Amino acid sequence: MSSEALYAHLQSGATTVCRAWTVVRRDGTVMGFTDHDRDLVVDGVICRADSGMTARALQQTTGLSVDNSEAVGALSDEAITEADLVAGRFDGAEVRSFLVNWQDSRDWVEQFRGSFGEITRAGGGFRAELRGLSEALNRPQGFAYQPGCSAVLGDGRCRFSTDAAGYSVARVVEEVEDGRIFGFASFAGFDDRWFEHGRFEMTSGMAIGLVGVVKNDRLTGEKRRIELWQSLNAPVAAGDSFRIVAGCDKKPATCREKFSNFLNFRGFPHVPGEDWLASYPVPDRPSRGGARLPSVGG
């Protein structure tokens with residue numbers, strides 16, 4: 001990058017500049033776009049000229065206010081497709097916007113860095129909200145003081161390895177309905193409801209990389225029926241492969257008995273409920289000062 005050369009070029013009065021954008025999806029796919037009439041290489045990324053993508057004026061302020069803008073483009077089989085938008089592949093994607101000297105694309109300056117926000121589709125095109133880096137400051141921080149565990153199974157706070165034997169399995173799809181309900185003629189070896197609340201991740205096919213959460217897991221004999229909370233929003237066919245992880249309902253008993261991981265339980269099971277907090281002495285009900293909640297850690 002030679003921002004000094006670009007600034008000198010802008011001060012010359014006769015400029016040859018255009019705009020370019022790079023998008024990095026959460027699955028690692030990198031895409032580039034430009035409003036110039038030929039492809040450019042910006043910061044090592046090829047920015048295509050035939051994408052039909054443009055951006056609205058960028059609003060930037062000092063302090064902690066959120067920078068925002070919009071990107072508008074046409075849906076294309078070679079660039080951003082409607083199927084990918086519906087599947088959520090661009091949700092939260094990282095976006096960078098550049099001002100580039102198209103005569104020498106090594107001269108550029110980054111004007112915006114953030115992520116895609118709300119994305120809408122209409123009339124063969126799309127409109128995406130661009131949110132600046134300070135958007136993260138608007139999100140609630142901290143952990144809830146609640147009976148259930150606040151960690152995610154397998155994360156750095158839970159510390160349980162989902163690759164342990166008996167807690168995850170890779171298989172292929174046998175029967176599928178609406179990208180949400182999966183049937184298997186033989187899927188034994190795991191208890192009934194073992195995968196409820198678990199992670200269901202596609203590892204091949206048109207839905208590769210998409211993740212769902214298991215709502216119901218029913219075992220009848222050797223047959224199994226797995227239902228997700230929501231459709232994967234991409235075509236899933238018999239023979240596609242997936243990986244499914246045992247589910248955790250965040251309860252202390254599940255953490256202790258199913259995962260043997262109670263030392264890393266991140267909840268507060270002895271927090272009094274609202275009924276207990278609102279209770280008051282009653283003459284006919286003796287108060288002996290004993291424990292009101294059973295032990296869950298032993």
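If you plug each phi of the stretch 168-182 into the Karplus form 6.51 cos²θ - 1.76 cosθ + 1.60 with θ = phi - 60°, what whole-Hz ³J(HN,Hα) values come out, in order, with x for Gly and Pro?
Whole-Hz 3J(HN,Hα) from phi for the stretch 168-182: 7, 8, 9, 9, 10, 5, 9, 10, 9, 9, 6, x, 9, 10, 10.
In nm, give the distance between the simple-model label positions of R159 and T29, each being 7 Å from the Cα along the Cα-to-Cβ direction.
Simple spin-label model gives 3.8 nm for this pair.
If you average 1/r over all unlike Cα pairs in the stretch 168-245 and invert the result, what Kirkwood radius do you get in angstrom? Show your work: numbers first, answer last.
Values: mean 1/r = 0.0829 Å⁻¹.
It is 12.1 Å.
Listing C255, C248 from the residue with the fewest other Cβ atoms within 10 Å to the one with the most, what is the order?
So the residues, fewest neighbours to most, are C248, C255.
Using alpha-carbon positions, what is the distance between the centroids of the stretch 242-282 and the stretch 10-26, in Å?
52
At 0.36 nm per residue, minus the direct Cα-Cα distance, what do T81 and E274 gain on full extension? Give it in nm, one decimal, please.
On the way: separation 193, 0.36 × 193 = 69.48 nm, distance 4.91 nm.
Contour length minus Cα-Cα distance gives 64.6 nm.
For the pair R38 and A170, what calculated FRET efficiency results from E = 1/(1 + (r/R0)^6), where r is the Cβ-Cβ distance and R0 = 41 Å, to the nearest 0.05?
The pair A170/R38 has a calculated efficiency of 0.40.
Assuming R0 = 35 Å, can you tell me the calculated FRET efficiency for the pair S12 and Q141, based on Cβ-Cβ distance, to the nearest 0.05?
0.15
Want the number for R127 to E177: 0.36 nm per residue separation, take away the alpha-carbon distance, what's left? Present the calculation step by step, with values, prior to reporting the outcome.
Details: separation 50, 0.36 × 50 = 18.00 nm, distance 3.06 nm.
That works out to 14.9 nm of additional length.
So if each residue of separation counts as 0.36 nm, and I subtract the Cα-Cα distance between R243 and E110, what length gain in nm does that give?
Extra length available between R243 and E110 comes to 44.0 nm.
Mind listing the phi-derived Karplus ³J(HN,Hα) values for the stretch 255-268, rounded to whole Hz, using 6.51, -1.76 and 1.60 with θ = phi - 60°, and x for any glycine or proline?
Ordered by residue, 3J(HN,Hα) equals 4, 6, 8, 8, 10, 6, 10, 5, 4, 9, 5, 10, x, 10 Hz.
Taking H placed 1.01 Å from N in the peptide plane, check which residues at least 5 places from Q111 or on another chain put their amide H under 5 Å from its amide H.
S97, F98, L99
Tabulate in residue order the Karplus-calculated ³J(HN,Hα) for the stretch 185-201, using 6.51 cos²θ - 1.76 cosθ + 1.60 with θ = phi - 60°, rounded to whole Hz; enter x for Gly and Pro.
With the stated coefficients, the stretch 185-201 comes to 6, 9, 8, 8, x, 9, 4, 4, 6, 4, 9, 4, 6, x, 9, 10, 10 Hz.
Computed from the coordinates by the stated procedures, all read-outs in this text should not be read as laboratory data. These numbers were taken from a predicted model, which means no experiment stands behind them. Note that each Cβ is placed from the backbone with ideal geometry, even for glycine, and that neighbours are counted across all protein chains shown.
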